[in-house]
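As structure tokens, the structure follows; a few thoughts come after it.
Nothing in this text is a laboratory measurement; each read-out follows from the coordinates by a stated rule. Treat the numbers as computed from the prediction; the structure is a model and nothing was measured. Because the Cβ atoms are built from the backbone with ideal geometry, glycine has one as well, and the counts that use them run over all protein chains shown.
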Amino acid sequence: MGSGGRWGVAARTVCEFPGSLGFAESLGSRVGSFRPAMGLELYLDLLSQPCRAIYIFAKKNRIPFEMRTVELLKGQHLSDAFAQVNPLKKVPALKDGDFTLAESVAILLYLTRKYKVADHWYPQDLQACARVDEYLAWQHTTLRRSCLRALWHKVMFPVFLGEPVSPEMLATTLAELDVTLQLLEDKFLQNKAFLIGPHVSLADLVAITELMHPVGAGCQVFEGRPKLAAWCRRVKAAVGEDLFREAHEVILKAKDSPPADPTIKQKLMPAVLAMIQ
Amino acid sequence: MGSGGRWGVAARTVCEFPGSLGFAESLGSRVGSFRPAMGLELYLDLLSQPCRAIYIFAKKNRIPFEMRTVELLKGQHLSDAFAQVNPLKKVPALKDGDFTLAESVAILLYLCRKYEVPDHWYPQDLQARARVDEYLAWQHTALRNSCTRAMWQKMMFPVFLGEQVPPETLASTLAELERCLQLLEDKFLKDQDFLAGPHISVADLVAITELMHPVSAGCQVFKSRPKLAAWRQRVEAAVGKDLFQEAHAVVMKAKDLPPADSAIKEKLKPLVQVLLQ
């Protein structure tokens, strides 16, 4: 099977069946036709932080999967076809045979267990595991949110959607990000090498991919934060510089996104506003 | 040790050391004094949805713990003393010897593992477990959010804070709640008995305690939703009606709270800003 997919035209998708022109058609050509048993499919857009965490995790652990790129900026996540995979209409999503799964934390844990990865990713030790759970729970409404808002308020609204953001709004968003980064340092990282202890875990992947969002927007997240900067270097080393770079190509080019056409803008606006609330 | 605590004056706290007048003093009387090894301590306010889920779970599974009531409406969660237990200044929080833990999902999973509860709460089966994880992840930014807002905007603002919420804001919040309830039914519950399958799990506890928040504010959450109403009956039966009622006594009486004094209002101001967004 190899890795590839047929959604959109993102760098990593490879058209597998000759004659497949786009997602709708290829889905059509599959329904009711003979098709070989599919392996693990990961529906991702590397623009998205949680998708990057899953991508890195799967690649690092040599988990064989088919990449199904779902281009958020083209509204592909809003299609009826994708809703078959994830009725919540969000990436990341997983499909493993007939089993579909949403939510990055659930997906990471599923992969951890199914592919029996090295213990440090999600330790057996009761307290160490609890620390990972604690971070994964906390981040939903804090770091995830403020990193997302930083990217959209600083870059995506003005550049992609052509919507100005007031300086006060941006300032508030960046101030919130600052507060969250301080909590990340003081409550979670403290003086440890990684978020939960001496080894890299799921918590670090989820956190680092979050921070690359404001980095992609041009925020100097690590400036004046030597502790976080050192941690970032350690995580990159643990993951592998090449893989880290590969996973972040898309987000680092986000500020060069061409403006959305009016149809797309109209399609995406409600979802975007809900997302960054 | 028995169960009890010395924070505030909530129904379930029992003063254990004679002469302890309040939290600050009792903490003071412990620091530096001889104290027997503490068992599990759960820092809860049953006004809070995640606290109720943990309370029900611990009681149902006969997990021995000391209840430490932290009264949110008195701002006790903002004290320096409580910050020693949870620097995030939120309930629920857990203390097990020297080990402290925040985040309800992390706490529930810690209790599941440490006390080796029956499998159905957090099943070993890979896919069943993934369904629980999926719900626990989704709810943070979906149902939790809309239930908290609905309860505060509809009831706590007028009753406790003496403030009216603009009708458009309340309408928008209730619409969002409706949307989440629909997702709960269509994506999670579907035609199953419980959220993750045929048996009750921690996902059901987290969900039901959320829904009781708008219920306490007079929202007819179950009225036009027979599927959810039936599920609620099943969850209450599985948990035990008495325990369910006990856990919900505080929130169900929230509408009869006396208005807050100005000192408290001032203290709760940041929370108020967030809940009105």
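Bridgeable aspartates and glutamates around B:LYS60 (alpha carbons under 15 Å apart, same-chain partners fewer than 8 residues away excluded): B:GLU116, B:ASP119, B:ASP204, B:GLU236, B:ASP242, B:GLU246. Working note: Cα atoms of segment A:109-209, range along each principal axis, descending, whole Å: 48, 29, 18. Residue exposure proxy: B:LEU94, A:LEU181, A:LEU78, ordered by other Cβ atoms within 10 angstrom of their Cβ from fewest to most, comes out as A:LEU78, A:LEU181, B:LEU94. Once the convex hull of all Cα atoms in segment A:86-145 is built, its volume per residue stands at 90 Å³. One quarter of the convex hull surface built on the alpha carbon atoms of segment B:153-277 amounts to 8.4 nm², the projected area averaged over directions. Taking the helices alone, chain B has a mean residue ellipticity at 222 nm of -15000 deg cm²/dmol, built from -39,500 (n - 2.57) per DSSP H run of at least 4 residues and averaged over all its residues. For segment A:137-153, backbone phi angles converted through the Karplus equation (6.51, -1.76, 1.60; θ = phi - 60°) give residue-by-residue couplings of 6, 4, 5, 3, 9, 10, 4, 3, 5, 6, 5, 4, 5, 4, 4, 6, 6 Hz, Gly and Pro being listed as x.
With Cα atoms as the point set, the radius of gyration and Dmax of segment A:47-197 evaluate to 17.5, 49 Å. The string of couplings for segment A:102-110 from the Karplus curve (6.51, -1.76, 1.60, θ = phi - 60°) is 10, 6, 4, 5, 5, 5, 4, 5, 4 Hz, one whole number per residue in order, with x for Gly and Pro. Near the amide H of A:LYS90, within less than 5 Å, lie no amide hydrogens of residues on another chain or at least 5 residues away, with H placed in the peptide plane. Peptide B:94-104 has a mean of 3 when you count, residue by residue, the C-beta atoms of other protein chains within 10 Å of its C-beta.
For segment B:209-277, dividing the convex hull volume of the Cα atoms by the residue count gives 115 Å³ per residue.
Value of Rg to Rh for segment B:221-260, rounded to two decimals, is 1.11; Kirkwood radius and Rg both from alpha-carbon coordinates.
Any chance you could tell me what percent of the C-alpha pair distances in chain A go past 33 Å? Of the Cα pairs, 21 percent sit more than 33 Å apart.
Note on chain A: GNM, Cα springs under 10 Å; of A:LYS192, A:LYS116, A:LYS255, the largest mean-square fluctuation is that of A:LYS116. Within segment B:151-241, the GluC sites (Glu not before Pro) that combine a DSSP coil assignment with at most 13 other C-beta atoms in a 10 angstrom radius are B:GLU163.
Using a simple spin-label model with pseudo-atoms 7 Å out from Cα toward Cβ, A:ASP242 and A:HIS199 lie 2.4 nm apart.
With the convex hull of the Cα atoms taken as the outline of the protein assembly as shown, the averaged projected area works out to 26.3 nm².
Across segment B:187-197, coupling constants 3J(HN,Hα) worked out from phi with the 6.51/-1.76/1.60 Karplus curve, θ = phi - 60°, read 8, 9, 6, 6, 9, 8, 6, 10, 4, 10, x Hz, and Gly and Pro carry x. With a Förster radius of 56 Å applied to the C-beta separation of B:ASP119 and A:GLU176, the computed FRET efficiency comes to 0.85. Remark: mean inter-chain Cβ contacts per residue of A:105-118 equal 3, using a 10 Å Cβ-Cβ cutoff to other protein chain atoms. Near A:GLU66, the amide H atoms lying under 5 Å from its own belong to A:LEU40, A:GLU41, A:LEU42; only residues 5 or more places off or on other chains count, and H is placed 1.01 Å from N. Near B:GLU71, the amide H atoms lying under 5 Å from its own belong to B:GLN76; only residues 5 or more places off or on other chains count, and H is placed 1.01 Å from N. If R0 equals 22 Å, the separation of the Cβ atoms of A:LYS192 and B:ASP80 corresponds to a calculated FRET efficiency of about 0.40.
Of the DSSP beta bridges with both residues in the protein assembly as shown, give the percent that are antiparallel, rounding to the nearest 5. The antiparallel fraction comes to roughly 70 percent.
Highest GNM mean-square fluctuation among A:SER257, A:SER79, A:SER166, for chain A modelled with Cα contacts below 10 Å: A:SER166.
With the simple spin-label model, which puts each label point 7 Å out from Cα in the Cβ direction, the A:GLN220 to B:ARG234 separation comes to 5.7 nm.
Each Cα pair under 8 Å and six or more residues apart adds its sequence gap; the mean of these over the residue count of chain A is a relative contact order of 20 percent.
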